[in-house]
Structure formats: C-alpha cells, structure tokens
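Student: Starting off with a structure, shown below.
Bear in mind these aren't lab numbers, they're just calculated from the coordinates by the rules spelled out. If you're wondering where the values come from, they're calculated on a predicted model, not measured in any experiment. In this analysis, Cβ positions are derived from the backbone assuming ideal geometry, glycine residues included, and neighbour counts consider all displayed protein chains.
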Amino acid sequence: MARGVFVFVGVMSASVTHAATYYVSTSGSDSYTCAQAQSTSTPKGTLAAAGACLAAGDTLLVRGGTYNQSIANSIPSGTSWTNKVRVAAYPAETVWLTPQGDFNYVVELTWGQSYIELDGLNLNATNQTYGILHIESVVAGSINTHHIRVQNAELIGNRTKNQQGVLVVNPLSGSQGGDEFINLTIHGGGTSDFNHGMYLQASDILVDHCMVYDWPGAGIQIYNGYGIPPQNVTVRNTTIRDLRSTSTGQRHWGLVVAGGAQNTQIYNDVVYNIPSNGSSSVGIDVYTGVGTLIYNNTLYGGASQGLSLDAGSQNTSVVNNISWAHPGGDYIDNGTGTVANHNLFATDPLFVNPGAGNFQLMSPSGAINTGATLSMVTSDMLGTPRPQGGAYDIGAYEAIANGYPPAPPVNVHLVARASF
C-alpha cells in the first residue's frame, strides 16, 4: 500500500537505500507480486503495475515487444543521478510503446517527478492526440518536474495530428530543469508551424546526438510562453534536416531561439534542407536571445536563410560556422553586440557529398585548419578530437589528415587518341 501512495505523489525520502531490478513483459502478469517480478520468469505484465514496485535506485527492465501501454505518471522519483529510477529496454531487445487508446502522450511526467531515466524505449504516437513525450511543471501548487533523462530511442509522431514531439514546459521562476535528451531520433508528426520536433520551455536542458526531421514547424524551438526566459539550454552534436513543407505562409526553422532565452549554447550541429512556404525559413534563427553561443555548426541548402540574428538578438557569439547554399542569405546579422569571426559563409566548403547528407570536408576546403580554438568544443560531432591539424576546422566535422578525398578536378578535358 505504501508503494502505491508513493507512485501517486512522486515523492520519497532521500534516506531510502533500497535498490532492486524488476521485470515487465508482454507475456507477464500483474498477478505476480513485486518480489516475484524481480525474476525474469515471473515479470509484471504492465508498466503501471511494475512502476508501483519501484523506489529510488531501482531499475525496471522491459522485455522486448510492442506494448499497448503508455507511461502516464506511473514512474516514481529518484533522489539524484546516482540514485535514480531507471526504466530500460532489456539488453539486446527492442521495445516499442504504441498505445492504441488515446492517452494524449505516449509518456507523460507532470506530477513533480525527478531523476528518472528512460533508456531504449521507442515511442510511437500514431494514436495519440497531443504528442510523444510531455514533461511539465505546474504553476498551481508549484509542482516541479525536473531532471528527466530520455536516451537511445526512436520517437514517431502522427503527421495528421496537431502534435509536439518532445514538449518540456516549466513555468516556475527559479525552479530546476536539468532534463537530458540523448541519442534520440524524433520524426513524423504535426500538421502546422506550431508543431515542433522539440519544444523546450525550461532551463538547463541538454540535447545531445539527436536527429530531428519531418516536422512542419521547428526542428527545435527554445521558447517559454510563460514569459520566463529559458536559461542554459545546450544543443550539440545534433542533426536537424528535411523539415516538412506545409501550406502557404507557414514558418520553418531548423533551430530557433526566442523568448529572450539566455546563454543558449549551440555547437557541432548540422542543419540542412529547411523548406520555405513564403514566411520565415531559417536554419538557425536567434529571434530574441541574450548571450547565445553558436560554434562549429554546419548549415546547408535551406530554401531561404541559413544563420540569422534578428533585432532581438543580443551579444551573440558566432565562431567557426559554415553556412552555404541558402538563396535568402547564408548569414544575416541584425542583432546588437554580435561577435563573429572565423566563419565560412557564402563560399563552397567542399563537402564530401551534401546530397547524401555527408558534410565532412574534402581537401583543400577553406574550412580546414582555419578555425579559432574554442575551449567548449574539444571534439567534433563524431567525437574526433580538435584540432587534427595546425588549427581547428570550421564546421561540425574535423578533417582527419589523409582521411578524406581530394576535391574532384574541374575544367578537365579528355582528348581521345587513336591507337595503332
């Protein structure tokens, strides 16, 4: 009974040191006790029932299969990242949560939970009304949901529904954030330019090694509609590509910083193929932001603008970036206090194969060994240490000596010779 109450309120004493591993399976049964569910031969049958067994420090391993289930505030809190609650796919098995009824989101954490890690749980929101993943703090009662980590998964939306992919909302001034999204592929949802792959309305968020595509609004939007500027959001080593063209007048951004967001860090990212429907179309757009750092990114082939700093951009630092093949301008700066240097704009950087999404550099690219040294960016998006040559390379990739082919020759004429 105590465990049931604990799950509902999402709170526990930091003194609890219990740590156990539980199991859930599509062939399991909720008639098994929590003690029995610590064996792979007697797993629980639902995530909700298994969640009622958990306490800080525990792990729930989810056996492979497709679950007609959602996670709706059924996972309790940990107390720190070293004493977290972990829900993970069983090693080497594939797990999909594909609820058939309308549970609004596949995963919803809105009751003040913290220090929860979801690892390897693929989420399919085909049947959901509002989206895939929802993390929210609530003004009434100051319910603060924070430090949620989601990693190593594919998240699929529904292109016919007004959905968000990952929605994080924290309207509480001075509250904690600390959510992390690592190695996620987020695609295929939304109907209008108000629907985004990731809609981040909180502070201290990390997005790392993610792939976002096939959304009609922004790949990633950093903006808090409650008037509290997000702070210290980091987007790194992430690819945003091939957003979906919709109806005339709708807007598209690869990544947009707005709402006066402070100290946003954007580095080692690749943004390409952002469409235009006659309104805003920008690869990376600092609409209203203070102290934004934009380092070592690669932008290519959008239908309008590449990197744009609007009038609300203040004290933005733009260093070591490539922006190429944007008919509306590769770089536009209408901000104040901008520092920009060591960038390669409006010049062919000699990518290996941009049509196939390969933005590594061929020799003799002007981006090789011409960048500034940045203490924040010690490797490229593949983990290659910087620098490999005499100086940092510009863009998201660091060229390895003799690792990439030379550029193909131009203006070469072959003359046929008769043989005797």
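Student: Where both residues lie in segment 1-191, what percent of DSSP beta bridges are antiparallel, nearest 5?
Tutor: Details: 1 of 45 bridges.
So the antiparallel bridges in segment 1-191 amount to around 0 percent.
Student: When the helices in the chain are scored as -39500 (n - 2.57) per DSSP H run of 4 or longer and the sum is shared across all residues, what 222 nm value do you end up with, to the nearest 500 deg cm²/dmol? Kindly include the intermediate steps, with their values, before the conclusion.
Tutor: Values: 2 runs with 13 residues, N = 420.
-500 deg cm²/dmol, from helical runs alone.
Student: Which Cys residues of the chain have no other Cys Cβ less than 4.7 Å away and so no disulfide-compatible partner by this rule?
Tutor: Within the chain, the cysteines lacking a partner Cβ under 4.7 Å are 210.
Student: Another question, if that's okay. At 7 Å along Cα-to-Cβ for each site, give me the label-to-label distance between residue 183 and residue 100 in nm.
Tutor: 3.2 nm
Student: What percent does the relative contact order of the chain come to when contacts are Cα pairs within less than 8 Å and at least six residues apart? Don't skip to the answer; put the middle values down first.
Tutor: On the way: 1368 pairs, mean separation 29.9, N = 420.
Reported as a whole number, the value is 7 percent.
Student: For segment 353-390 and segment 123-165, what is the separation of their C-alpha centers, rounded to whole Å?
Tutor: 34 Å
Student: For the chain, modelled as a GNM with alpha-carbon contacts under 10 angstrom, which of 127, 320, 297 fluctuates the most?
Tutor: Between 127, 320, 297, it is 127 that shows the largest mean-square fluctuation.
Student: FRET efficiency for residue 129 and residue 34, Cβ-Cβ distance as r, R0 = 25 Å, nearest 0.05? Please report the intermediate quantities before stating the final value.
Tutor: On the way: r = 32 Å, r/R0 = 1.30.
The value I calculate is 0.15.
Student: Rounded to two decimal places and with Rh computed the Kirkwood way over Cα pairs, what is Rg over Rh for the chain?
Tutor: On the way: Rg = 23.5 Å, Rh = 22.6 Å.
With Rg and the Kirkwood Rh in hand, the quotient comes to 1.04.
Student: Rounded, prolate or oblate, given the Cα gyration tensor of segment 1-191, with a/c below 1.5 counting as rounded? It would help to have the intermediate numbers written out before the result.
Tutor: Working: a/c = 1.72, a/b = 1.11, b/c = 1.55.
Here segment 1-191 falls in the oblate category.
Student: Among 38, 166, 322, which residue has its Cα positioned farthest towards the positive end of the charge dipole of the chain, with +1 placed on the Cβ of Lys and Arg, -1 on the Cβ of Asp and Glu, and the dipole taken about the Cα centre?
Tutor: 38
Student: Which residue, chosen from 186, 375, 361, occupies the Cα position most advanced towards the positive end of the dipole of the chain, where the dipole is computed from +1 (Lys, Arg) and -1 (Asp, Glu) charges on Cβ about the Cα centre?
Tutor: Value: 186.
Student: Given points 7 Å out from each Cα along the Cα-Cβ axis, report the residue 336 to residue 348 separation in nanometres with one decimal.
Tutor: 4.1 nm
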